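Structure first, then comments.
The values are calculated or read from the model by the stated rules, or taken from the named source; none is laboratory data. Model, not experiment: these values are computed from the prediction. When we count neighbours, we look across all protein chains shown, and the Cβ atoms used for this are built from the backbone with ideal geometry, even at glycine. Ligands, DNA and RNA are excluded from the accessible area calculation, which covers all protein heavy atoms including side chains. Shrake-Rupley method; radii C 1.70, N 1.55, O 1.52, S 1.80 Å.
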Amino acid sequence: MRVLVIEDDENLRVALESALRGDGFAVDVAGSIAAADEAVSVNAYDCAVFDRMLPGGDALDYVAERRRRGWSVPVLFLTARDTVSDRVDGLTWGDDYLVKPFAMEELLVRVRSLCRRVEAPVSAPLRLFDIELDPERHEAWRGGAPLSLTPREFVVLQRLLAADGRLVPRRELVAAAWDELVSPSSNVLDVVIRQLRRKLGPPDVVQTVRGSGYYLGTVHTG
């Protein structure tokens, strides 16, 4: 699950990022409405945590405008403003409302709850050559033999199978299994690919297009 945190107080922003990452979320952070707008324009999120008052204005106004344009990401507002009218406004355009100061454990519970609202339907089982993968059961096989894969190996294999022989760019595989803090040029993906090849065994069907990405097959199909 990927969460965007928009908070201009650096100490609180760092604390939120650390707590969410420790709870297993991929986290992006922003300190202003302008930075938040740039992030939501290029990334998909399962939840956004907005401080109400930010450089650039009231986050509620920004979210309201985004909602009018069809933005549907669940939003949790953080604020010291706790009048009834403030809560009503926050719940009109957002999905939840947490008054400062708050317990970090409560924030984590609320974020997990919001993320569950938009969990994507589990995709159908995938098969290519003699490799099979069932996203719902989180199991994979080659030649009928079960594969013991780490979560990141599973995600990478799932993306490769879904591409059905087409090239999957490095940046797409990195974004799926990590987050944007990991550069596509990092060797973490290469390590996972090596482990995946070893576990899949011969014949090797994970093909490399140097500097571009990977695909399943014997001949690059473009």
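Here are the numbers:
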read-out: Output for the range 102-115, where each listed residue is hydrophobic (A, V, I, L, M, F, W, C) and open to solvent by less than 70 Å² (accessible area, probe 1.4 Å); value: F102, A103, M104, L107, L108, V111, L114, C115
read-out: Qualifying residue in the range 70-79 (condition: open to solvent by 40 Å² or more (accessible area, probe 1.4 Å) and under 24 Å from the mean Cα position of the chain (by Cα)); value: yes
read-out: Count - residues of the range 121-146 that are exposed (fewer than 14 other Cβ atoms within 10 Å of the Cβ), of a type in the set (G, A, S) and in contact with an Asp or Glu (Cβ under 9 Å, 6 or more places away or on another chain); value: 4
read-out: Number of the condition not met by R67 [criteria: (1) among the charged types (D, E, K, R); (2) open to solvent by 70 Å² or more (accessible area, probe 1.4 Å); (3) modelled with pLDDT under 90]; value: (2)
read-out: Residue check for V109: modelled with pLDDT of 95 or more and either of a type in the set (F, W, Y) or within 19 Å of R2 (Cβ to Cβ) (or both); value: no
read-out: Test: residue in the range 108-120 that is among the acidic types (D, E) and either in contact with a Leu (Cβ under 8 Å, 6 or more places away or on another chain) or within 23 Å of V191 (Cα to Cα) (or both); value: no
read-out: Matching residues in the range 1-32 - criterion: being of a type in the set (S, T, Y) and either in contact (Cβ under 8 Å) with a residue 24 or more places away in the chain or touching a Phe, Trp or Tyr at 6+ places or on another chain (Cβ under 9 Å) (or both); value: S32
read-out: Near pairs, Cβ below 7 angstrom, 6+ apart or cross-chain, from the range 33-54 (closer than 15 Å to V75 by Cα) to any residue that is open to solvent by 40 Å² or more (accessible area, probe 1.4 Å) and of a type in the set (A, V, I, L, M); value: D46/M1; D46/V118
read-out: Those residues of the range 12-63 which are open to solvent by 50 Å² or more (accessible area, probe 1.4 Å), closer than 21 Å to T92 by Cα and in a strand (DSSP E or B), in sequence order; value: M53
read-out: Qualifying residue in the range 81-101 (condition: buried (at least 20 other Cβ atoms within 10 Å of the Cβ), modelled with pLDDT of 90 or more and in a strand (DSSP E or B)); value: no
read-out: Residue under evaluation L149, criteria (1) over 16 Å from L16 (Cα atoms); (2) touching a residue at least 12 places away in the same chain (Cβ under 8 Å); (3) open to solvent by 70 Å² or more (accessible area, probe 1.4 Å); (4) not hydroxyl-bearing (S, T, Y), criterion not met; value: (3)
read-out: Enumeration of residues in the range 193-222 that are over 16 Å from I131 (Cβ atoms) and either at pLDDT 90 or above or open to solvent by less than 60 Å² (accessible area, probe 1.4 Å) (or both); value: R194, T208, V209, S212, G213
